[in-house]
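These notes are about the structure you will find just below.
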Amino acid sequence: MKYSKLFGKTSKTVLHDADSVNARLLTQAGFVDQLMAGVYTYLPLGLRTLDKIKQIVREEMNAIGGQEILMPALLPKDLWETTGRWSDPGPEVMFQFKGRGEREYGLGWTHEEIVTPLAKRFVSSYRDLPFAVYQIQDKFRNEPRAKSGLLRGREFSMKDLYSFHANLEDLDRFYEQAAQAYQRIFQRCGLAALYVEASGGAFSKYSHEFQVLTESGEDIIFHCEKCGYAQNREISEFADGDTCPKCGGTMHEGKAIEVGNIFRLKDRFSTAFGLTYTGADGQEHDVLMGCYGIGPSRVLGSAVEVHHDERGICWPKEITPYSAQVIAVTGKDSGANAKVLETCEQLVQDLTITGLEPLYDDREGVRAGEKFADADLIGLPVRIVISEKTLAQNSGEWKLRTDEKLELVAVSDIVGNLQRFFRK
Ligand code: ATP
Ligand code: MG
């Protein structure tokens, strides 16, 4: 991709009034554009990053047998009355409004009320269980304070998976599998997420949250530095410095962002909608359910909160929008410039063929310093500079975003080097 053609550019205006680090950097670097509090447009760089995160989520959900579906976001009132959630939490959380003929609707903020009656259409016997379906969709929540950039949107991306089981053992088995899939997702997204005991609602003792420790987090958790055991303060009786009940280490209090949450719903929704199955014993039983949520847009915001420095974003490898920033540095000598541009074009072509999509800063009349600053702000993991000076040694200058070391790499080795870098 040529930077000169990219829709959405970096901005030199420092957004002093931005509500958070992720909002400031993502806006300044040209990833997102705020429409109103908690609602953002994804520009090409932002959408590529969000899509990479969604793809990781999709791969890991498919790997545990999840089947992707897509439910509507526009939902009828009656299903929500069945569970009582039209009025509690009601408009506190759900955007509700009237359409034609005074019919009432709401926008989806979670989908148990849709997926349970849907499952009922296809489940009759124990042979139809277990199964799990998920979707990746924009959710809407009437959040009172949407002021943390992508961390707390009023419209935001969510993956919600729902699992259906014949008995508690099978629900527990799948719950563990889902928890492991979640750990892989966060690892791949460059986030160290703690597995945290949290409020389980009315149905089980605990749910589990996946929490990323960072100062910009809104949650407070207690976590053991030795074994990683953790609890949300909301349900916890720990104090800072307490002894870890699991390993004898020390529990520390810390701020964290909740990036995922998994629940055993058991029969809460199956009872409400009459979702039952006939067992091998010929009797009718309630189907038991689990639900598993993760916020790709919040993951994106969290990655920026965790991976940045004073110059800009530092993307983790697997979610970076492009692999490397190729920068052409030109000077006064038009003959030398032609050679620089020609080398860059060829390199970009070679990288593209191997599937390593680069971002090529081909801008003319822009100082090298400005191109470097933009590269740091956008934050691709690798920067490759081609200039008259580097070409005098048939090389390009290779630099990692998170390392100040400059290295000359033969032009003919750059593709191989980058392939190795991304494979590691
Ligand atoms: P919070 O406590 O932060 O408000 P929640 O517990 O209400 O979140 P869940 O219903 O568990 O959220 O949603 C599942 C996942 O969706 C969360 O773990 C988070 O990653 C994401 N998520 C929830 N609310 C938002 C939001 N307003 N903006 C962005 N992502 C969100
Ligand atoms: Mg939650």
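The HN-Hα couplings worked out from phi for region 138-151 by the Karplus form 6.51 cos²θ - 1.76 cosθ + 1.60 (θ = phi - 60°) are 6, 10, 10, 9, 7, 4, x, 10, 9, 9, 10, x, 6, 5 Hz, whole numbers, x standing for Gly and Pro. When the charge dipole of the chain is built from unit charges on Cβ atoms (+1 for Lys and Arg, -1 for Asp and Glu) and taken about the Cα centre, the candidate among Y105, L275, T41 whose Cα reaches farthest toward its positive end is T41.
Database remark: amide H of D219 closer than 5 angstrom to the amide H of A256, E258 (H placed geometrically; neighbours at sequence offset of 5 or more, or on other chains; Pro and chain starts carry no H).
The amide H of C314, built 1.01 Å from its N in the peptide plane, has H308, D309 as neighbours under 5 Å, considering only residues 5 or more places off or on other chains.
Since only L406, T390, A338 are under comparison, the one whose Cα sits farthest along the positive direction of the charge dipole of region 322-423, derived from C-beta charges on Lys, Arg, Asp and Glu, is L406.
Separation of region 226-261 and region 285-307, taken as the distance between their Cα centroids, equals 20 angstrom.
Hey, can you find the accessible area per residue of the chain for me, probe 1.4 Å, expressed in square angstrom?
I get 46 Å² per residue for the chain.
Using the Cα centre of region 1-92 as the reference point, and only Cβ charges (+1 on K/R, -1 on D/E), how large is the resulting charge dipole? Debye, rounded to the nearest 20.
Working: 11 positive and 11 negative charges, 156 e Å.
The calculated dipole for region 1-92 is roughly 740 debye.
Think of each Lys and Arg Cβ as +1 and each Asp and Glu Cβ as -1; about the Cα centre, that makes the dipole of the chain roughly 900 debye. With the alpha-carbon atoms of the chain aligned to their principal axes, the span from lowest to highest coordinate is 84, 62, 45 Å, starting with the largest. For region 107-115, the Karplus equation 6.51 cos²θ - 1.76 cosθ + 1.60, evaluated at θ = phi - 60°, returns couplings of 9, x, 10, 5, 10, 4, 5, 9, 6 Hz by residue, with Gly and Pro reported as x.
Note on Y105 and E218: with the Förster distance fixed at 30 Å, the Cβ-Cβ geometry gives a FRET efficiency of about 0.50.
Computed per residue of the chain from DSSP H runs no shorter than four, each worth -39500 (n - 2.57), the mean residue ellipticity at 222 nm is -9000 deg cm²/dmol. Each residue of region 22-30 was assigned a 3J(HN,Hα) from its phi angle through the Karplus curve 6.51 cos²θ - 1.76 cosθ + 1.60 (θ = phi - 60°); the sequence is 5, 5, 5, 5, 5, 6, 5, 7, x Hz, with glycine and proline shown as x.
Reported value for region 322-423: 89 Å³ per residue, from the convex hull of its C-alpha atoms.
Other residues with beta-carbon under 12 Å from the beta-carbon of I235 carry, at +1 per Lys or Arg and -1 per Asp or Glu, a net charge of -3. When peptides 20-28, 46-54 are sorted by average Cβ neighbour count within 10 Å, with the highest value leading, the order is 20-28, 46-54.
Our Cα-only numbers for region 184-245 put the radius of gyration and Dmax at 12.1, 33 Å. Taking every C-alpha pair closer than 8 Å and separated by at least 6 residues, the mean separation divided by the residue count of the chain gives a relative contact order of 16 percent. Shown here is the pair-distance distribution of region 105-208: with all Cα-Cα distances grouped in 10 Å bins from zero up to the longest one, the shares run 11, 33, 40, 14, 1 percent.
Remark on the chain: C189, C291, C314, C344 stand apart, with no other cysteine beta carbon under 4.7 Å.
Surface composition of the chain: carbon and sulfur atoms hold 49% of the protein heavy-atom accessible area at a 1.4 Å probe. Projecting the Cα atoms of F238, I69, P321 onto the charge dipole of the chain (Cβ charges, centred on the Cα centre) puts P321 farthest toward the positive pole. Close amide H contacts of V382 (hydrogens built in the peptide plane, cut-off under 5 Å, sequence separation of 5 or more or a different chain): Q325, R401. For region 197-317, what are the per-bin percents of Cα-Cα distances with bins 10 Å wide, up to the bin holding the maximum? Cα pair-distance distribution for region 197-317, in percent: 13, 30, 28, 18, 10, 2, 0.
The values are calculated or read from the model by the stated rules, or taken from the named source; none is laboratory data. Every value quoted in this text rests on a predicted model; they were computed, and no experiment measured them. Counting neighbours? That spans all protein chains shown, and the Cβs are built from the backbone with ideal geometry, glycine included. Surface accessibility is based on the protein's heavy atoms, side chains included, excluding ligands, DNA and RNA. Shrake-Rupley method; radii C 1.70, N 1.55, O 1.52, S 1.80 Å.
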